[in-house]
Amino acid sequence: MECLESFFGAIYLDRGLGPCRSLLARLVFPLARDLPLRRAWLAAARRPYSPPDTAPRDPEAEEDAAMAAFEEASGIKFRHFGLLRQAFTHPSVYHAVVAPGLGTGWHPSARVPLGHGAVAGGVDPRLHNQRLEWLGDALLNLAACDFALHYFPESHEEPVTLLRTALVNNAVLIGAAV
């Protein structure tokens, strides 16, 4: 297993994420009867992400103004402002404000659209930040690993693992966010 993981690491550093995704699809779906699944896997990666919150920015809304200030401070202007809203929507707020009045349309106090792919219990997990947090955790670790491999090319695994752990942990991230 370690050899396969190191092989994927080499592919990523040499060719990027796309070839890793393609090879993993061939490994996970190797049989001819699996070809439709492999094609679906690869097609999903080529399709642009469609955020569930497609409502435009509302310069009159206090929440949107605060998020626009965050964009300004970070230097990153979101193409899909709904992703920024989602990133700042904690599940407890979503469940307390949105879920009790779940319907269709727009819920102004929650600033998220409703009725888009609701799941069991009427709650759509795409409308709060937990899925983005899961993705962000993997990306922070990937970015720290990528930095460590490029900045310390001769280092063994243990020191760069310690560096990754030192860079990507709650205390450091909270300090950076404040």
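The values are calculated or read from the model by the stated rules, or taken from the named source; none is laboratory data. Treat the numbers as computed from the prediction; the structure is a model and nothing was measured. Using ideal geometry, Cβ is built from the backbone for each residue, glycine included, and neighbour counts are taken over all protein chains shown. What goes into the accessible areas is simple: the full protein's heavy atoms, side chains included, and nothing from ligands, DNA or RNA. Shrake-Rupley method; radii C 1.70, N 1.55, O 1.52, S 1.80 Å.
The set of residues in region 125-165 being in a helix (DSSP H, G or I) and over 21 Å from the mean Cα position of the chain (by Cα) consists of Ala148, Leu149, His150, Tyr151, Glu157, Glu158, Pro159, Val160, Thr161, Leu162, Leu163.
Taken over region 42-62, the criterion of being modelled with pLDDT of 85 or more, open to solvent by less than 90 Å² (accessible area, probe 1.4 Å) and not in a loop (DSSP other than H, G, I, E, B) is satisfied by Leu42, Ala43, Ala44. One residue stands out in region 75-97 among those that are in contact with a strand residue (DSSP E or B) (Cβ under 9 Å, 6 or more places away or on another chain) and open to solvent by less than 20 Å² (accessible area, probe 1.4 Å): the one that is nearest to Leu132 (Cα to Cα), namely Gln86.
Of the listed requirements (1) farther than 23 Å from Ala143 by Cβ; (2) not in a helix (DSSP H, G or I), Arg33 misses just one: (2).
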